[in-house]
Amino acid sequence: MVNQRKTTPLLKISRHAFRTYNRLRLRNRNFTLITNTCIGGIIYHELGLQFLSPTINCGIRSHEQFFIFCTHLQHYTSLPLTFIQSEWNYPVAILKGDYGDITIYFSHYKNQQQANNKWEQRKKRINWNNIIIVMDGDNCTDQQIAAFDKIPHLHKVIYTIRPKQSHPSEFPITDSRYQPTQLLEYGLLNNSLRWYELLDIVRFLNTGQKQANPILKLLHTK
């Protein structure tokens, strides 16, 4: 769940300017983002794009299950959701596949029907020629990051909390102020930017390159 921040006119102006800057730079506009958290919906929204992915406003909490889901994406997106009873006050479903079950938590949906309708609607929009995977890997081990690297999609990134990059798909967050689970929170440039925006997300979407946000470089600050 993303916490609400206190907004001011200056914050609104800076956020609008950054959003406009990103939208003008974006060339790759018809991509499908496969994510393990709500980050996909936020990225699409910030860039003013239609949701071309079923993994919007839901999460796959098991790292290993997410790796399997991404590796066999066509297989799992061909399966129906099976909703189960759980301790949570929102829908939880399982994809019962040939490579193991995948549990999906629909934390932003009111009921099973709404969750199922959105999942089915959005998976029909998948652009199979433009799959991009973004993973929040705050607590991933080195072995798990290596497993993420092996997912057979070249255009991917995993955010980690480590002192330096050790794997090709990795984008480490080295700022000591950052805490696990805060990837979608505002914490940069006086709360103008979210933590995931340490990465130049538009350059990554356009080219697959993982470089620091040029705005932060320009201002020589975080």
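Can you give the percent of C-alpha pairs in the stretch 59-124 whose distance is more than 15 Å? Walk me through the intermediate numbers first.
On the way: 1039 of 2145 pairs.
In whole percent, the share of Cα-Cα pairs in the stretch 59-124 beyond 15 Å is 48.
At 222 nm, what helix-only mean residue ellipticity would the chain give, in deg cm²/dmol to the nearest 500, using -39500 (n - 2.57) for each DSSP H run of four or more?
Taking each H run of at least 4 residues, the total per residue is -9000 deg cm²/dmol.
Taking Cα atoms of the chain, Rg/Rh with Kirkwood Rh, to two decimals?
The Rg/Rh ratio comes out at 0.95.
So if each residue of separation counts as 0.36 nm, and I subtract the Cα-Cα distance between GLN179 and LYS164, what length gain in nm does that give?
Between GLN179 and LYS164, full extension yields an extra 3.8 nm.
Using DSSP, restrict attention to beta bridges with both residues in the chain and report what percent are antiparallel, rounded to the nearest 5.
Given both bridge residues lie in the chain, the antiparallel proportion sits at roughly 55 percent.
In percent, what relative contact order does the stretch 59-124 have, based on Cα pairs under 8 Å that are 6 or more apart in sequence?
Numbers: 84 pairs, mean separation 20.3, N = 66.
Taking the mean separation of contacting Cα pairs over the length of the stretch 59-124, I get 31 percent.
Values in this text are rule-based calculations from the coordinates and carry no lab data. Note that the structure is a prediction, hence the values are computed from the model and not measured.
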